[in-house]
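Read-outs: derived from the displayed coordinates by stated rules, not from any lab. A quick note: this is a predicted structure, and the numbers were derived from the prediction, not measured. Quick reminder, even Gly has a Cβ in these numbers, built from the backbone with ideal geometry, and neighbours come from all protein chains shown.
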Amino acid sequence: MTKTFRAGSPSVKSFAPRAWMLRPSVELARLELGIDTVDILCLAHRNDGVDGPTLRAAEELVSRGLVRSLVVSAHDPTTLVSLAHSPEFAALMVRYNAAHRGAANTVFPAAQARGRSVIAYTATRWGSLLDRAALPATEPPPRGSDCYRFVLSHPTVTTCLFGPKSESEMMEALTSLERGPMSAEELAWMTRVGDAVRLHRRRAPPLGVRDYARHALEMARSIRRRGVTEDLLSRFNR
């Protein structure tokens with residue numbers, strides 16, 4: 001597999017809702033990381049697109065040498081297809097895994113046509129693709145590296161994020177590079193796994209208000225006790 005993990009490249013995500021908040025958020029990140037330049041600044045969760053003032057603020061950071069390149073992420077594929085036409089962005093960041101393959105038919109062609117790189121995340125679908133209980137007895141459960149290999153096997157994907165919470169998960173993710181791209185049979189198997197996981201999720205009782213409140217409270221307590229940790233952030237990339 002020719003795709004590699006790139007080490008030593010400071011990257012920052014900004015969820016700043018207003019243009020005037022963008023530079024302070026980047027400056028704070030630079031201060032905390034102890035770096036002069038951010039290699040990649042991702043304007044994150046931009047489901048409504050990127051407004052003019054925010055885009056100009058991001059471009060100013062690039063012109064000042066504080067940021068080298070810009071990336072944009074969104075859950076809405078229509079928005080990402082539109083943003084693929086913006087030359088300011090070097091890459092599009094999108095959710096893609098064996099259970100969520102829609103981007104391959106929407107975002108990927110637009111990115112390829114415009115020469116944009118694609119950064120994929122949630123390769124394990126927050127760990128649910130590894131859940132043996134979601135699969136029929138005829139399907140062997142995948143390893144973590146299988147999930148990353150599935151994503152990286154798509155020719156349009158240039159980078160796959162991963163959020164290990166332990167050394168063993170880190171080594172398993174890195175194993176995906178040693179194992180290489182998936183064969184046609186393996187891709188078909190992972191597609192079946194993804195379909196089974198989606199079906200299992202649809203059959204599960206929907207989360208209620210109390211469930212969301214409990215998750216929010218647990219996260220708030222974790223942030224209060226330990227701050228924003230790598231384990232907390234990794235939940236969004238698994």
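The residues W189, W20, when put in order of fewest to most other Cβ atoms within 10 Å, stand as W20, W189.
Given axes a ≥ b ≥ c from the Cα gyration tensor, I'd like to know whether segment 143-202 is rounded (a/c under 1.5), prolate (a/b larger than b/c) or oblate. Could the numbers behind the result be given before it?
Values: a/c = 1.87, a/b = 1.24, b/c = 1.51.
Verdict is oblate for segment 143-202.
Between the listed residues L33, P155, S11, the Cα displaced farthest toward the positive end of the dipole of segment 11-204, a dipole computed from Cβ unit charges relative to the Cα centre, is found at P155. Were the residues from L31 through D48 laid out at 0.36 nm apart, the gain over their Cα-Cα distance would be 3.2 nm.
The modelled label-to-label distance for the pair Q112/M21, using points 7 Å beyond Cα in the direction of Cβ, is 3.7 nm. Once the Cα-Cα distance is subtracted from the 0.36 nm per residue extended length, the T191 to E167 segment shows a gain of 5.9 nm. Between E60 and S183, the FRET efficiency estimated from the beta carbon spacing at R0 = 35 angstrom works out to 0.15.
Database remark: amide H of N97 closer than 5 angstrom to no amide H (H placed geometrically; neighbours at sequence offset of 5 or more, or on other chains; Pro and chain starts carry no H). Coupling constants for segment 41-46 follow from the phi torsions by the Karplus curve (6.51 cos²θ - 1.76 cosθ + 1.60, θ = phi - 60°), and in residue order they are 10, 9, 7, 8, 6, 9 Hz; glycine and proline get x.
Starting from one equal scatterer on each C-alpha and no solvent at all, send me the Debye-based log10 I(q)/I(0) for segment 55-184 at q = 0.09, 0.20, 0.22 Å⁻¹, two decimals. So the normalised log intensities are -0.31, -1.13, -1.24.
Using 12 Å as the cut-off for backbone N distance, which residues of segment 19-42 belong to the label zone defined by a point 7 Å from the Cα of A90 along Cα→Cβ? Under 12 Å, as judged by backbone N against the label point of A90, lie 38-42 of segment 19-42.
Size of segment 24-117 from its Cα atoms: along the principal axes, largest to smallest, the extents are 39, 26, 22 Å.
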